[in-house]
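S.K.: I have a structure I would like to understand better, so I am pasting it below and will then ask my questions one at a time.
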Amino acid sequence: MSPPTPRILKMALDTPLAIEFDYRWRPESADDPNPTVGQLAQVPFGRREVIGLITAIHESSDHAPEKIRDITAIRYQLPALSAHWIALSRFAAEYYQRPLGEVVLPCLPKNLRALKSTALDSALKKVTAPESPTKSEPSSVPQLNQDQQVAVDAITAVSSYSTTLLFGVTGSGKTEVYLRSAQKILERERQQGGRAQVLILVPEINLTPQLENSVRARFPELNVVSLHSQLSEGERTRSWLSAHLGSADIVLGTRLAVLASMPDLKLIVVDEEHDPSYKQQEGLRYSARDLAIWRARDLNIPVVLGSATPSMESWHHAESGRYRKLVLTQRAAAQAVLPNISLIDMERIKASEGLAPPLIAALRERLARGEQSLLFLNRRGYAPVVHCDACGWISNCQRCTAFMVLHKPERRLRCHHCSFELKIPASCPTCGNVDLQPLGRGTQRIEEYLHTLFPEARVLRIDADSTRKKGSAQAAFETVHRGEVDILLGTQMVAKGHDFQRLTLVGVINPDTALFSHDYRAGERLFAQLMQVAGRAGRAGQMSKSEVLVQTRYAQHPLYRALLGHDFPGFASATLEERRSAGLPPYVFQALLRAESKTLTNALEFLQQARALLPHPGIVINDPVPMTMTRVAGVERAQLLLESNARATLQNFLKLWVQELRKHPSRLRWTLEVDPIDI
Ligand code: ADP
Ligand code: ZN
Ligand code: ZN
């Protein structure tokens, strides 16, 4: 073996500069190991020392030798990240127009990026130590129904790349399909003497601990780790290392887990693939679903997207044959059937305190029978605004284009967009009138009314306000599962994948606002939310037929007509037709440049200049406009929308454009978002 010679290492560092930096490595002795691509190393950067990732190794550099600094140390104890992992990060960086270093380093646990390696070293010891084998028996395994069997067979038929859209109504047993497919693939690879890992992505782990429980219970002999932002640094380091060292068989995580290093990855599952929380809204603004598909293709492995209400993007690809569509048509559990959905026409029926008499009667029936009810109202607080009848004063936030929301238990007015809050004023700040009126209804106000209506009922409210403390959401849901709650009331937090066993009534209060949103995706989101919340009812074969009552003023609206028939395909094809004729995604590709400034004029001017920077054939750049919520926390915001019929055209332009934008440093903050989901 030839003795190691000095090398030039290309390094990705966590800086806003979109370049990789050259450093020199020289062996101290002949038996120093050679560095390899994918290792982490400590290097001097300015006056600091930082940890970076080795992305390439060269014999020489384009820079003058005296300009190149030496590597301080290489983290030999950590096995290198794979070429596939670097390729994934590089793709994410390029596609979402961020420097590679800002992608690869922030996604590593802090302990790996720390200059002191003590935490890393002790975590490495714990992770590589043999696990004590668990003796518990796996949970009982249900016999697959025919739809499920067909799905598992199709997903596992070949081990090469395919994207499958698993479209299954709520409660149709998608989880069982994921688990069985995972099991089959893990077993098969191991029988062939290979190694295998499975990645399961979920929208929000805290809200759906059930999936984690089912996975752990089903595979007591496997090493299942979770990866999400609520873990402590120590836990996150251990989970990440288990995945990276191949000792984790199954990684269950939120969007950030799509970038986990998994050298033996053989299957990716994206549960509730339509969920907006797969899109990161700051820093690297990526879609974890889209990266999962790219990753599967790069690794030549199957990826499964599961949903009862797929995104329009995925549905479109499934209809056009790019993805394979598999359908689970029925609820899986014995005797469980989909609930009956009906509308309460609020144009004709007068509500008392926001609840229509038929809904109140239905609640009363459930109480009498000892069954649970769920009320869904996507608005927290007591009332969205406070108003003075005498002079017209209204509780505007001083710093945002938004109202201050009344929070009665806390006796405060609170802005949900900045942290600003005030004591409830005793009288009108303008005219002194002491009779200020709350307008509209939030969960707290409905809760108050439920207590007067049904004094004996056990009412529980679950929303962001009632679950601020760590662990309190989980504790609240456990109360519901134990059957200690008669009426559960909440925001979208209660709509997600919970399997409430005694729930036979779902009431939806005031969902109409989304019908008239400026955001073209609002309808799609509302439909998904309503299907999801409706899906909480009647999950186990129940003593009585379960029902969903939706209070609306627009009973004839096509969205509600589709909802009545549980008709997602009908809703989707109508929606896609609208998108096609309006020239909206998935038929066009978009990017959004946003600017923030003290004055709106500055923000708009910056965007106007950005628009004129480069010729842009094949791309429409719209006029800069103020964002719908123009001011947040005293900052004015405007945006510029770019559209193209071809993804590649848009990508090529963005690359050049971002280089130009970076060349013209401006005082204001700007961000670029590719495939934005909130416009
Ligand atoms: P989804 O994720 O599609 O909403 P789940 O996977 O949560 O549905 O399944 C709903 C319920 O059906 C769960 O209680 C699950 O244990 C049960 N289940 C799933 N598959 C079967 C089956 N083949 N036979 C009986 N029960 C099943
Ligand atoms: Zn007044
Ligand atoms: Zn505010």
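S.K.: Might you work out the accessible area of TRP240 for me, using a 1.4 Å probe with all protein chains in place, and round it to the nearest 10 Å²?
M.R.: It works out to around 10 Å².
S.K.: Return the long-range amide H neighbours of ASN396 (sequence gap of 5 or more, or a different chain), with a cut-off of under 5 Å between placed amide H atoms.
M.R.: The answer is MET404.
S.K.: Give me the Kirkwood hydrodynamic radius of the range 352-500, using the inverse of the mean 1/r over all pairs of distinct Cα atoms, in Å to one decimal.
M.R.: 16.7 Å
S.K.: Determine the gain in length on full extension of the stretch ARG322-ALA83; use 0.36 nm per residue of separation and subtract their C-alpha separation, reporting nm with one decimal.
M.R.: 83.3 nm
S.K.: Roughly speaking, to the nearest percent, how much of the range 426-527's 1.4 Å accessible area is carbon and sulfur?
M.R.: 51 percent
S.K.: Tell me the net charge near LEU641. Cut-off is 13 Å between Cβ atoms, LEU641 excluded, with +1 for each Lys or Arg and -1 for each Asp or Glu.
M.R.: Details: positive: ARG594, ARG611; negative: ASP519, ASP623, GLU643, GLU673, ASP675, ASP678.
Net charge in that neighbourhood comes out at -4.
S.K.: Residues with amide H under 5 Å of ILE424's amide H, sequence separation 5 or more or different chain, H placed in the peptide plane at 1.01 Å from N; which?
M.R.: Residues meeting the amide H criterion: ARG412, LEU413.
S.K.: Per 10 Å bin, what is the whole-percent P(r) computed from every C-alpha pair distance within the range 589-674?
M.R.: Spelled out per bin, shortest first, that is 18, 53, 25, 4.
S.K.: Rounded, prolate or oblate, given the Cα gyration tensor of the range 208-257, with a/c below 1.5 counting as rounded?
M.R.: Note, shape of the range 208-257 comes out oblate.
S.K.: Moving on to the next point. When DSSP beta bridges are limited to those with both residues in the range 340-571, what percentage is antiparallel, rounded to the nearest 5?
M.R.: Approximately 40 percent, going by the DSSP bridge assignments.
S.K.: When you have a sec, figure out the Kirkwood radius of the range 7-82 from all distinct Cα pair distances and drop it here in Å to one decimal?
M.R.: 12.6 Å
S.K.: In addition: Can you give the % of DSSP beta bridges in the chain that are antiparallel, to the nearest 5? Could you put the intermediate results ahead of the total?
M.R.: On the way: 55 of 108 bridges.
DSSP beta bridges in the chain are roughly 50 percent antiparallel.
S.K.: Still on this structure, please answer the following. In whole angstrom, how far apart do the alpha carbon centroids of the range 150-219 and the range 260-311 sit?
M.R.: Going from one Cα centre to the other spans 13 Å.
S.K.: Moving on to the next point. Can you tell me which lysines have their Cα less than 17 Å from the Cα of LYS325? Leave out same-chain residues fewer than eight positions away.
M.R.: Output for LYS325: LYS174.
S.K.: Calculate the all-directions average of the projected area of the chain's alpha-carbon convex hull, and give it in nm².
M.R.: Working: hull surface 137.6 nm².
Approximately 34.4 nm², given one-decimal rounding.
S.K.: Follow-up question, since we're still on this one. Using only Cα atoms, what is the ratio of the radius of gyration of the range 80-230 to 2.2 N^0.38 Å?
M.R.: 1.25
S.K.: Calculate one ³J(HN,Hα) per residue across the range 441-451 by plugging θ = phi - 60° into the Karplus curve 6.51 cos²θ - 1.76 cosθ + 1.60, and present them in order as whole Hz with x for glycine and proline.
M.R.: Calculated HN-Hα couplings, in order: 9, x, 4, 5, 6, 5, 4, 4, 5, 4, 5 Hz.
S.K.: Explain nothing, just compute: Karplus ³J(HN,Hα) = 6.51 cos²θ - 1.76 cosθ + 1.60, θ = phi - 60°, for every residue of the range 323-332 in order, whole Hz, x for Gly and Pro.
M.R.: 10, 8, 9, 10, 10, 9, 8, 10, 5, 7
S.K.: ³J(HN,Hα) across the range 581-597 via Karplus (A = 6.51, B = -1.76, C = 1.60, θ = phi - 60°), whole Hz, x for Gly/Pro?
M.R.: 6, 8, x, 10, x, x, 8, 10, 10, 10, 9, 10, 9, 10, 10, 10, 7
S.K.: Follow-up. Restricting attention to the chain, give the cysteines that have no other cysteine Cβ less than 4.7 angstrom from their Cβ.
M.R.: CYS107, CYS418
S.K.: Enter the Cα centre distance for the pair the range 643-678 and the range 402-449, rounded to the nearest angstrom.
M.R.: The two parts, judged by their Cα centres, are 40 Å apart.
S.K.: Toward the positive end of the charge dipole of the chain, about the Cα centre and with charges on Cβ (Lys, Arg +1; Asp, Glu -1), which of PHE403, GLN639, ALA368 goes farthest?
M.R.: Checked the options; the winner is PHE403.
S.K.: Then there is this: Normalised by the number of residues in the chain, what is the relative contact order in percent for Cα pairs under 8 Å and 6+ residues apart?
M.R.: Numbers: 1319 pairs, mean separation 78.2, N = 679.
In percent, rounded to a whole number, it is 12.
S.K.: Here is a further query. Scaled to the compact-protein estimate 2.2 N^0.38 Å, what is the alpha-carbon radius of gyration of the range 143-273, rounded to two decimal places?
M.R.: Computed over Cα atoms of the range 143-273, the ratio equals 1.01.
S.K.: How high is the FRET efficiency between LYS545 and THR479 when r is their beta carbon distance and R₀ equals 35 Å, given to the nearest 0.05? Write out the running numbers ahead of the final one.
M.R.: Details: r = 26 Å, r/R0 = 0.73.
My answer for the efficiency is 0.85.
S.K.: Now, a different point. Show the residues, 5+ positions off or on another chain, whose built amide H is closer than 5 Å to the amide H of GLY168.
M.R.: Close amide H contacts, sequence-distant or interchain: SER307, ALA308, LEU328.
S.K.: Could you tell me how far the Cα centroid of the range 579-615 sits from the Cα centroid of the range 1-63, in Å?
M.R.: 39 Å
S.K.: Helix-only estimate, please: 222 nm mean residue ellipticity of the chain, summing -39500 (n - 2.57) across DSSP H runs of length 4 or more and dividing by its residues, to the nearest 500. Numbers along the way, then the final one.
M.R.: On the way: 18 runs with 203 residues, N = 679.
-9000 deg cm²/dmol, from helical runs alone.
S.K.: Right, another one. How large is the Kirkwood hydrodynamic radius of the range 440-486, counting all unique pairs of alpha carbons, in Å?
M.R.: Details: mean 1/r = 0.0865 Å⁻¹.
After inverting the mean inverse Cα-Cα distance, the result is 11.6 Å.
S.K.: Heads up, I need the accessible area for SER139: 1.4 angstrom probe, whole protein in place, Å², nearest 10.
M.R.: 40 Å²
S.K.: Please state the Cα pair-distance histogram of the range 285-395 with 5 angstrom bins from zero: what percent is in each bin?
M.R.: Result returned by the calculation: 2, 7, 10, 12, 11, 10, 11, 11, 11, 8, 5, 2, 1, 0.
S.K.: If contacts are Cα pairs under 8 angstrom and at least 6 residues apart, what is the relative contact order of the range 7-82 in percent?
M.R.: Contact order relative to length: 39 percent.
S.K.: Let me ask another. If you take every DSSP beta bridge whose two residues both sit in the range 146-328, what share of them, in percent to the nearest 5, is antiparallel?
M.R.: 5 percent
S.K.: In square angstrom, what is the accessible area per residue of the chain with a 1.4 angstrom probe?
M.R.: Accessible area per residue: 45 Å².
The values are calculated or read from the model by the stated rules, or taken from the named source; none is laboratory data. Remember, it's a predicted structure, so these values are computed and weren't measured experimentally. Positions of Cβ are generated from backbone atoms using ideal geometry, with glycine treated the same way; all protein chains shown enter the neighbour counts. Note: areas computed on protein heavy atoms with side chains; ligands, DNA, RNA excluded. Shrake-Rupley method; radii C 1.70, N 1.55, O 1.52, S 1.80 Å.
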